[in-house]
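Worksheet: the structure to be examined is printed underneath.
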Amino acid sequence: MDAIIFDIDGTIWDSTPQAAVAWTQAVKENASVPFELTAKDLQNAFGKQMDILRDQLLAPLPPEERPEVLKACQKAQGEYLPKHPGTLYPDVYDALKELSEKIPLYVVSNCQTGYDTTCIETTGIEDFISGHLCYGETLLPKSGSIRKLMEREGLKDVVYVGDTPSDAQACKDADVPFVWVTYGFGDVKDPDYTIDSLKELPQLFDL
């Protein structure tokens, strides 16, 4: 195996309580129909392709208004999270540290540009991550971003670690084995592998 690729939301950290504050404020300031977004709302949407996420979270707004409000929400989130970062899940820091000494680790997310960097830098895991790529850079579905990262880094044999059915489908489309973490935002039927903690990865793959 050449590398392990990780999802962010629901896998490495949970930023939805903090992001909900930023999104709600942006909606109140920029939308014609102000409404509140909760952490649960964001958990049900984060990780999905950006247009799907937009239409799900901003459903109360007219379709033609959603793109500009989404930009405002992303801007607000980008300014808020570096000062109020998300929280790493238990064992993630230690697991990534241990894994990085044995195999290269990467991150691929459906997030906006800068969100992945914020996660990596504010949680102190930058020394463990060899590279990252996101939707904001590729404008591709997650499967395309996974393949693009593999091409860029010369990777042939990888697994992807994530938490939602959309992650599982992306892996299927990219022809990459999927490892489902049970503690995240979604339930996945028939994943290739299942773990309750990232600390199980070394034993799972004999690293």
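The values are calculated or read from the model by the stated rules, or taken from the named source; none is laboratory data. Bear in mind that the values here come from a model prediction, so they are computed numbers and not experimental data. Don't worry about glycine lacking a Cβ; one is built from the backbone with ideal geometry, like all the others, and counts go over all protein chains shown.
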Failed item, numbered, when Ala174 is tested on (1) surrounded by 21 or more Cβ atoms within 10 Å (Cβ to Cβ); (2) closer than 24 Å to Pro82 by Cβ; (3) among the small types (Gly, Ala, Ser)
(2)
Take the stretch 1-45 and flag every residue that is in contact with a Leu (Cβ under 9 Å, 6 or more places away or on another chain), without any contact (Cβ under 8 Å) to a residue 40 or more places away in the chain, aliphatic (A, V, I, L, M) and in a helix (DSSP H, G or I).
Ala20, Leu42
Of all residues being over 18 Å from Asp9 (Cβ atoms) and aliphatic (A, V, I, L, M) in the stretch 27-57, which is surrounded by the most Cβ atoms within 10 Å (Cβ to Cβ)? Just the residue, please.
Val27
Can you give me the number of residues within the stretch 47-106 that are without any contact (Cβ under 8 Å) to a residue 40 or more places away in the chain, among the charged types (D, E, K, R) and part of a loop (DSSP other than H, G, I, E, B)?
4
Looking across the stretch 193-205 at residues that are within 19 Å of the chain's Cα centre (by Cα) and in a loop (DSSP other than H, G, I, E, B), the single one that is surrounded by the fewest Cβ atoms within 10 Å (Cβ to Cβ) is Asp196
From the list Val188, Val179, pick out the single residue that is within 17 Å of Lys102 (Cβ to Cβ), crowded, with 16+ Cβ neighbours inside 10 Å and not assigned by TED's automatic domain parsing to the domain that holds Lys48.
Val179
Taking Val176, is it within 16 Å of Asp9 (Cβ to Cβ) and in contact with a strand residue (DSSP E or B) (Cβ under 8 Å, 6 or more places away or on another chain)?
no
Given the options Thr138, Thr164, name the one that is buried (at least 20 other Cβ atoms within 10 Å of the Cβ), within 17 Å of Leu53 (Cβ to Cβ) and either modelled with pLDDT under 95 or not aliphatic (A, V, I, L, M) (or both).
Thr164
